[in-house]
Amino acid sequence: MKWLYIEELYAYLARNKKRTAIAIAGIALGVLTLVLMSGISGAMRQKTLQELGTFGSRIIVITPGNLIVFGHKSAMLGNVQTLTTSDAVAIRDKIDGVEGIALMKNATLPVSTKKRVEPREIMGVDSAFFSLLDFTFLCGRTFTDFQKVAVIGSQTTKDFFDISCPLGQHIFIANIPFSIRGVLAARGNIGMEDYDSTIFVPITVMQRLLTKSNWLDAIFVLSKSSDQNRFLIKQISDLLQKRHGKKDFSVMEYEVASATSSKMEHLFSVLSIIVATIAYSVGILGIIAIMALSVYERVIEIAIKRVVGARKTDIFGQFLLESTILSMAGAVLGAGVALILLFLIEYIAHWPWFIPIQTLIIATMLSMIIGIIASLYPAFKAISLEPLKILKLYEEG
């Protein structure tokens, strides 16, 4: 019996292609929007986690002055010097829940090799910095304090050398020669930091030879668990305020300080809900309209079915099935197009592959529910018709 209903539906929809297209398009657009936006958001989230490294969610960064985040950019207000190595030692020794500490001081200095001369960002770091921020070495290794050696990013290697692994060669920073100890694998930008174009030297050498200053530009703290981050931020703030006598520093999670894509992900989520709601509304109205119209166009058919023995539940089930098939057709179309677009976007943007399985299931279930809801009005309208009265009017007409 149900196969006959499907055949009847197919024949009816084939005669009304424009109405069918509008009804299906609304559902398809809703599903496409939800799946595509969710997929993009998920891929961005995975890309962010890759950029932040294994410990990204557990890292707390402390900076001097006020670090302000503007959308997906961050900026330091003022040029202040308030953090010292002794602050880092105090945090490590006096606060529970700290698993690791890394120090950083940066400056833009003239850099030269036989191939190129230009200013470049120099970061003075300790050896813990590379493991804490989950860097991978393309070749070579890290350094220890007081060595005039450098670890360079992948882009710096391309800019200043003709070979991919220039270990042992020299690079001049502020006219001081540094031997290349290691080359980092490509990492990409994290917030405003382009680590691929950065040169890293031991922080002790940075302070003694390059900047002649013991102040730090950042202290990175690795918590034992990301669940402890808020507690540690408060503990660190209280300790440093007590040591400095005032709040002349900023403490925040590395994800926030790096101005990662969380706000963009939230924007995508909000936009997807708005667009999907509008599209689903168009879809449900379209299905209601086409099914209600089909009631009036098929009154004789409905009346004959009732006269020859069809029950009200049969008629109701027919419209329920037809409406659900329409909405599910839209769901399949929307999901298919969304997955194709998602694969293309992820491929072009070099994002990790991500398929929003949960969103696909939710969108499909939502489409089915919409199909059921959309069938109620036309179904009740169909079963409320009096078959004998209709046939009598038809004979008289």
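Structure values in brief
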| read-out | value |
| --- | --- |
| Criterion violated by ALA174 - all others in (1) over 37 Å from the mean Cα position of the chain (by Cα); (2) more than 15 Å from VAL117 (Cβ to Cβ) satisfied | (2) |
| Qualifying residues in the range 156-204 (those that are of a type in the set (S, T, N, Q) and touching a helix residue (DSSP H, G or I) at 6+ places or on another chain (Cβ under 8 Å)) - the one farthest from ASP126 (Cα to Cα) | SER164 |
| Every residue from the range 98-131 that is of a type in the set (Gly, Ala, Ser) and loosely packed, with under 15 Cβ neighbours inside 10 Å | none |
| Selection count where residues are surrounded by 15 or more Cβ atoms within 10 Å (Cβ to Cβ) and charged (D, E, K, R), scope the range 132-157 | 2 |
| Selection count where residues are modelled with pLDDT of 90 or more and part of a loop (DSSP other than H, G, I, E, B), scope the range 97-118 | 4 |
| Test: residue in the range 310-317 that is crowded, with 17+ Cβ neighbours inside 10 Å, aliphatic (A, V, I, L, M), assigned to a helix (DSSP H, G or I) and at negative phi | yes |
| Count of residues meeting criterion [within 12 Å of LEU103 (Cα to Cα), of a type in the set (Val, Ile, Thr) and assigned to a loop (DSSP other than H, G, I, E, B)] in the range 179-228 | 0 |
| Residue in the range 227-243 that is out of contact with any strand residue (DSSP E or B) (no Cβ under 8 Å at 6 or more places or on another chain) and either in the same structural domain as MET368 (by the TED database) or at pLDDT below 80 (or both) present | no |
| Boolean, GLU322 is charged (D, E, K, R) and modelled with pLDDT of 85 or more | no |
| Failed condition for ASN79, given (1) modelled with pLDDT under 90; (2) in a strand (DSSP E or B) | (2) |
| Hits in the range 244-280 (condition: crowded, with 20+ Cβ neighbours inside 10 Å, acidic (Asp, Glu) and either within 17 Å of ALA43 (Cα to Cα) or at pLDDT 80 or above (or both)) | GLU255 |
| Filter result for MET291 (modelled with pLDDT under 85, assigned to a helix (DSSP H, G or I), crowded, with 21+ Cβ neighbours inside 10 Å and aliphatic (A, V, I, L, M)) | yes |
| Flag for ALA329 being assigned by the TED database to the domain that holds ILE40, under 24 Å from ALA292 (Cβ atoms) and at pLDDT 85 or above | yes |
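Residues checked against (1) within 26 Å of HIS350 (Cα to Cα); (2) free of Cβ contacts under 8 Å to residues at least 60 places away in the same chain; (3) among the polar types (S, T, N, Q):
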| residue | (1), (2), (3) |
| --- | --- |
| CYS139 | yes, yes, no |
| PHE143 | no, yes, no |
| SER154 | yes, yes, yes |
| ASP159 | yes, yes, no |
| LEU167 | no, yes, no |
| PHE172 | no, no, no |
| PRO177 | no, yes, no |
| LEU184 | yes, yes, no |
| GLY188 | yes, no, no |
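The values are calculated or read from the model by the stated rules, or taken from the named source; none is laboratory data. These figures come from a predicted structure and were not determined experimentally. Using ideal geometry, Cβ is built from the backbone for each residue, glycine included, and neighbour counts are taken over all protein chains shown.
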